[in-house]
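The values are calculated or read from the model by the stated rules, or taken from the named source; none is laboratory data. Keep in mind that what you see is a predicted model, and the values were worked out from it rather than measured. All Cβ positions, even for glycine, are placed from backbone atoms using ideal geometry, and neighbour counts span all protein chains on display. Please note that ligands, DNA and RNA were not included when accessible areas were found on the heavy atoms of the full protein model with its side chains. Shrake-Rupley method; radii C 1.70, N 1.55, O 1.52, S 1.80 Å.
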Amino acid sequence: MALVAHRLAQRFAASTGTLALLAGGLLAASGTAALQVAAAPPAAALQNSLARTPQMGFNNWNSTHCRAEFNESMVKGIADIFVSKGLKDAGYTYVNLDDCWALPQRDAAGNLVPDPVRFPNGIKAVADYVHAKGLKFGIYSSAGTMTCDRNGFPGGLGHEQQDADLWASWGVDYLKYDNCNNQNVDAQQRYKAMGDALKATGRDILYSICDWGWSQPWDWAREVGDSWRTTGDISDSWSSMIGIARSNMAHAAHAQPGAWNDPDMLEVGNGGMTDTEYRTHFSLWAQMAAPLLIGSDLRTASPATLEILTNKDVIAVDQDPLGRQGTVISDTGGLVVMSKPLADGSRSITLTNETDTPQALTTTAEAAGIGGARHYQLRDLWTHRTTTLPGDGTVSATVPPHGTAMYRLTPSERTNLPTGAFQLSDLAWTSAHNASGPVERDHSNGGPASGDGRTLTIADTTYTKGLGTTTGSDITYYLGSTCKNLTVEVGIDDETPPDDDSAAIFRIYRDSTVVADSGIRTAGQQPLRLSADLTGGEILRLTATRPGGAAPAHADWGSPRLACGNGPAVGTHPLSDLAWGDSTNGWGPVERDRSNGEFAAGDGRALTIGGTAYAKGLGIHATSTVSYYLGGTCTTFTTEVGIDDEVGDRGTVRFQVLADGVTVADSGTVTGAGRALRLTAPLTGAHELTLRVTDAGDGNTYDHADWAAPVLTCA
């Protein structure tokens, strides 16, 4: 504990220290190192295959620090134990060195030199040994003139490409890059310089950024590295571990495949906490999709420690390919409930008791984001027992002090959405993840606070309904098994300037299959209409991602309309005999088989246009819309349209028939002086029919408009 405290104090004191380093091209002037680092060009978004799930492995620091026991024999022993004790089979891959592996001085050529006492055969020999076990090998440095240990080993600042090339030649697969002795050089500049150097080697090297959260790396590091530390160093105590977990929870929205929040290494097995507390530690790190880097000496690990570290049910939550960090859904008096969406539609749930007495904790499937099923399968991830829950899927447990109960809750016999067409923004999503701020309903994404956006607008086209997101968003809905189609218009919101470098790719998934893809959409482009076949799927997923090299974008899903269930029966149907879905009207209600009298229902008269009376139809008042669900099985709509005789020759309107939002028949301007006009609209394949009447641009006075003898034909 004293050594950890000393090292933390040392780090914070050293992080801005000015230290002269004459080797490797750094020039001294007036007794102080005059350090100049060329500004690195912006790094393109990482598109490598590394860390698509959080990295798993070992790092020696928490168990050995810089003591003599950290050496070649220890590292090889850890690799052996990975294989013999089942850790490799559980998913642990990386065997990583921390500080103190090098000599305090570079050689005459400016290269790092392995400590010949600790590593008599050099680093490459150790890497080769690790690789021969089917594992990967990692190393450590700092984005400063020296590393963090008080002995002052050489850092990478100003030597980025030289060091990266050397590590690549040794077969290094992983770099942890610390933040000490950084000379006040901008963090993004320092970390991008090394990130570019690693890429330039041509070797896949996982890049773990470790600036302790000082520069808010969650806002920028995803384009540079594969993970980033969000906090200072952990120590082997309950207070340190739970405090770091709390800090890391705040950044859940920034985690995604290939880009992870890192709350530091695991202390499991180091002796400063109880096994109950270590199970909480491991559970929370998995729930937060954190890297799992063992920090204890596995050569002396107890059976209880190995049981915790190899719990495959918990590891599966951490390694879930959906790549979502769990979020806090309840936090009261030290009782914390988190829910994490998983790729199969289930949720991982943690119930954590931070208090010093046993406590009862409870949540429900609805609170966790997967309500609506008739039954749920509940698996306890520590006892490995599975039970069936009825009803609302209530999950409860009496949790010991400093303990965590962890479950996987899976819906079964879920209910379907009712038949009809729905605005997606009116439905409850099962999960919604956004890179910046919340996903917004019916407004653009304006920033960190909910509701701070504006009307959804794409290239001057406005939408009263829709979803406002940013690139890096991921939204899922449970549909049941009866939904058929989604139509939506997508694009970059106008709050992004047209000359901005922002871009987005919009994708719609049916379960795990992409069924619509926008390609790259840039700021200022007209909205693009997407239609996605959802037949047979249960999960709808919407993503907006940022193409490599593009700036973040405000990404809008305009008027997303979901069609579910079967439409009208085969045959011909007077439209007024069918139930409509949505309706709006300028005055009074939409009337069935009567004209619109402007006030109470039924206050009109028989539908009459140009002296011809109609027994069936709809009486409306502009401006009006009436929608009907078709289910994709109807072929034709016919109707006669005109202004009702009850207003004489007054009134001016325009009738339009829309199929899935696309105009398929248009009357042009119609006046009260005209006779009925016949419209025929093709509907084959359409899921929704919308009848729209506008005021033709001159106001809606006397605009009593009739849809007369409207007939729908379905095959």
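With K and R counted +1 and D and E -1, the other residues having a Cβ less than 11 Å from that of GLY604 yield a net charge of -4.
Using r as the Cβ-Cβ distance of THR355 and ASP698, and R0 as 56 Å, what FRET efficiency do you calculate, to the nearest 0.05?
On the way: r = 69 Å, r/R0 = 1.23.
So, using R0 = 56 Å, E works out to roughly 0.20.
Sequence-ordered 3J(HN,Hα) estimates for the range 332-340 from the Karplus curve with 6.51, -1.76 and 1.60 and θ = phi - 60° stand at 9, x, x, 10, 10, 10, 10, 10, 10 Hz, glycine and proline given as x. The protection proxy used here, the mean number of other Cβ atoms lying within 10 Å of each residue, ranks peptides 390-402, 161-173 as follows, highest first: 161-173, 390-402. With the cut-off at under 19 Å, measuring from each backbone N in the range 671-715 to a point 7 Å along the Cα-to-Cβ line of THR635 picks out 679-689, 710-715. The calculated FRET efficiency for LYS616 paired with ASP452, based on their beta-carbon distance and R0 = 56 Å, is about 0.70. FRET efficiency for the ASP511 to ASN184 pair, using the beta carbon distance and R₀ = 60 Å, is estimated at 0.75. A straight line joining the Cα centroids of the range 491-544 and the range 609-665 runs 33 Å.
For MET146, the residues 5 or more places off, or on other chains, whose built amide H falls under 5 Å of its own are GLY155.
Counting heavy atoms of the protein chains alone, ASP582 has an accessible area of about 80 Å² for a 1.4 Å probe.
3J(HN,Hα) along the range 586-597: x, 9, x, x, 5, 10, 8, 6, 8, 6, 8, x Hz, from the Karplus curve 6.51 cos²θ - 1.76 cosθ + 1.60 with θ = phi - 60°, whole Hz, x for Gly and Pro.
Averaged over its residues, the range 451-515 has an accessible area of 35 Å² per residue, based on protein heavy atoms and a 1.4 Å probe.
Over all pairs of different C-alpha atoms, the range 186-242 has a mean inverse distance whose reciprocal, the Kirkwood radius, equals 12.4 Å.
Normalised radius of gyration (Cα atoms, divided by 2.2 N^0.38 Å) for the range 524-600: 1.76. In the range 228-302, the portion of solvent-accessible area held by carbon and sulfur atoms comes to 47 percent [1.4 Å probe, whole percent, DNA, RNA and ligands not counted].
Using a 7 Å offset from Cα along Cα-Cβ at THR362, what residues in the range 389-405 end up with backbone N under 15 Å from the label point? Under 15 Å, as judged by backbone N against the label point of THR362, lie 390-399 of the range 389-405.
A straight chain from ALA428 to SER396 at 0.36 nm per residue would run longer than the Cα-Cα distance by 9.1 nm. Over the residues of the chain, the helix contribution to mean residue ellipticity at 222 nm works out to -4500 deg cm²/dmol, using -39500 (n - 2.57) for each DSSP H run of at least 4. Stretching ASP128 away from GLN105 to a fully extended chain increases their span by 5.8 nm, per 0.36 nm per residue minus the current alpha-carbon distance. Above 20 Å, the calculated P(r) of the range 112-269 contains 53 percent of its Cα-Cα pairs.
Whole number in Å², please: accessible area per residue of the range 205-345, 1.4 Å probe, ligands, DNA and RNA not counted. With all protein chains present, the range 205-345 gives 27 Å² per residue.
The Cα center of the range 248-325 and the Cα center of the range 430-451 differ in position by 29 Å.
When every Cα-Cα distance of the range 249-307 is counted in 5 angstrom steps from zero, the calculated P(r) takes the values 4, 18, 28, 21, 14, 9, 6, 1 percent.
At a probe radius of 1.4 angstrom, the accessible area of the range 595-715 per residue rounds to 37 square angstrom. The residues packed around GLY110, meaning those with a beta-carbon under 14 Å from its beta-carbon, carry a net charge of -3 if Lys and Arg are +1 and Asp and Glu are -1.
Over the range 373-473, calculate the relative contact order: mean separation of alpha carbon pairs under 8 Å at least 6 apart, over the residue count, as a percent. Result for the range 373-473 is 22 percent. Remark on TRP260: its backbone amide H falls under 5 Å from those of SER227, TRP228, a criterion applied only to residues 5 or more positions apart or on other chains, H modelled at 1.01 Å from N. Global size of the range 266-406: 15.0, 48 Å for Rg and Dmax (C-alpha atoms, Rg to one decimal, Dmax whole).
The C-alpha atoms of the chain occupy a region whose extents along the principal axes are 106, 60, 43 Å, arranged from largest to smallest. Say the cut-off is 29 Å between C-alpha atoms; which of LYS133/LYS340; LYS76/LYS340; LYS136/LYS199; LYS133/LYS192 go over it? Violating the 29 Å limit, Cα to Cα: LYS133/LYS340; LYS76/LYS340; LYS133/LYS192. With all protein chains in place and a 1.4 Å probe, the accessible surface of the range 550-611 carries 55 percent carbon and sulfur. For the range 344-441, with all protein chains present and a 1.4 Å probe, just round the carbon and sulfur fraction of the accessible area to a whole percent. The nonpolar share, carbon plus sulfur, comes to 51 percent. No disulfide-compatible partner, judged by a Cβ distance under 4.7 Å, exists for the following cysteines of the chain: CYS210. Considering the zone a paramagnetic label at GLN525 would reach in this model (a point 7 Å from Cα along the Cα-to-Cβ line), which residues of the range 541-582 have amide N under 11 Å from it? Under 11 Å, as judged by backbone N against the label point of GLN525, lie 547 of the range 541-582. Close amide H contacts of ALA553 (hydrogens built in the peptide plane, cut-off under 5 Å, sequence separation of 5 or more or a different chain): THR471, ALA503. Using the alpha carbons alone, the radius of gyration of the range 388-444 stands to its Kirkwood radius in an Rg to Rh ratio of 1.08.
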